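Take a look at the structure set out below.
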Amino acid sequence: MPKSTFVESVRQISQAEQDDLRYDLVIAIPYIWKRVPDQFLREAVVERYNKKHNEGYFWSPPDSDIAQSSPDGDVCSKEDLEALADMKRRLNNMHYLEEEYERIKAFLKAHPGPGKSMKPWSLESPPDPPPVISLPPIPAPFRTVDRNYSYGWHISDAWLRIFRAAANDQGLLQWSTPRQGVNTLRELSGCDWPHLTGGVHPYAPPGEGEPEIAVMHICNTSSVLRYHGFRPTEEQFEWLKGLFRGLGEPQWYRSTVSKAEWDDITDNLGLLW
């Protein structure tokens with residue numbers, strides 16, 4: 001959006017609507033520990049306004065953040081799909097999970113997490129937003145495929161259960177809910193937005209035998225705040241990479257549902273962003 005158009009769009013939105021958004025961000029989402037930079041807050045106001053008044057509107061990341069083309073080899077081959085399916089099987093293999101349990105327990109003993117050392121703050125004086133990580137380019141098919149992309153790790157419920165057990169063994173388990181593995185991950189990392197979602201290989205042809213996997217993602221392309229505002233800091237990201245070392249490097253995964261279906265799901269679940 002050209003700067004002049006963007007500024008004019010902000011001016012057209014009532015102060016009450018902007019105040020409502022700030023309330024959502026700072027109060028109604030209690031696990032947010034840092035102030036969202038004003039730059040992204042303003043963009044989020046425009047996004048909300050457009051979604052409310054323009055039917056079929058979907059936010060998109062800056063064009064400069066999307067790969068212009070798929071480089072040689074950056075396609076989904078039969079071998080890629082087989083490797084993804086093999087990792088899916090490994091994530092539910094008892095021998096692999098036993099090894100992961102011991103590795104995670106040792107990691108948590110040495111590195112209980114940046115969230116454990118975070119200082120409390122008041123709503124009246126939130127801290128300045130810390131620098132967050134940069135991301136690799138979003139795969140080029142984002143330009144033509146009606147799907148959001150999520151950045152994170154291939155994971156499984158079984159892996160989360162052993163993470164929960166390892167955290168409990170170290171006296172770090174903070175929650176006693178069915179989602180305590182995800183909630184404890186947020187608590188220990190200090191990161192706002194680790195979420196579970198479904199995904200496929202980023203270059204898989206839609207509907208052609210793509211194996212769906214579980215993805216623990218730390219940001220996605222569905223909105224300003226999910227893309228910009230909730231990214232981890234460098235310290236949090238390094239901790240997450242250490243915790244997830246047995247899962248490989250983080251990468252972009254394509255959603256299994258359309259952008260419209262994604263919005264319907266998040267609306268029905270009561271997720272503001």
How many residues are modelled with pLDDT under 85, of a type outside the set (Gly, Ala, Ser) and not in a helix (DSSP H, G or I) when one looks only at segment 74-99?
3
Being more than 15 Å from the chain's Cα centre (by Cα), touching a residue at least 12 places away in the same chain (Cβ under 8 Å) and buried (at least 19 other Cβ atoms within 10 Å of the Cβ) narrows it down to one of 242, 199, 181, so name that one.
181
Given 187, 124, 102, which one is modelled with pLDDT of 90 or more and out of contact with any Ser or Thr (no Cβ under 7 Å at 6 or more places or on another chain)?
102
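The values are calculated or read from the model by the stated rules, or taken from the named source; none is laboratory data. For clarity, every value in this text was computed on a predicted model and none was experimentally measured. FYI the Cβ positions are ideal-geometry reconstructions off the backbone, even for glycines, and counts take in every protein chain you see.
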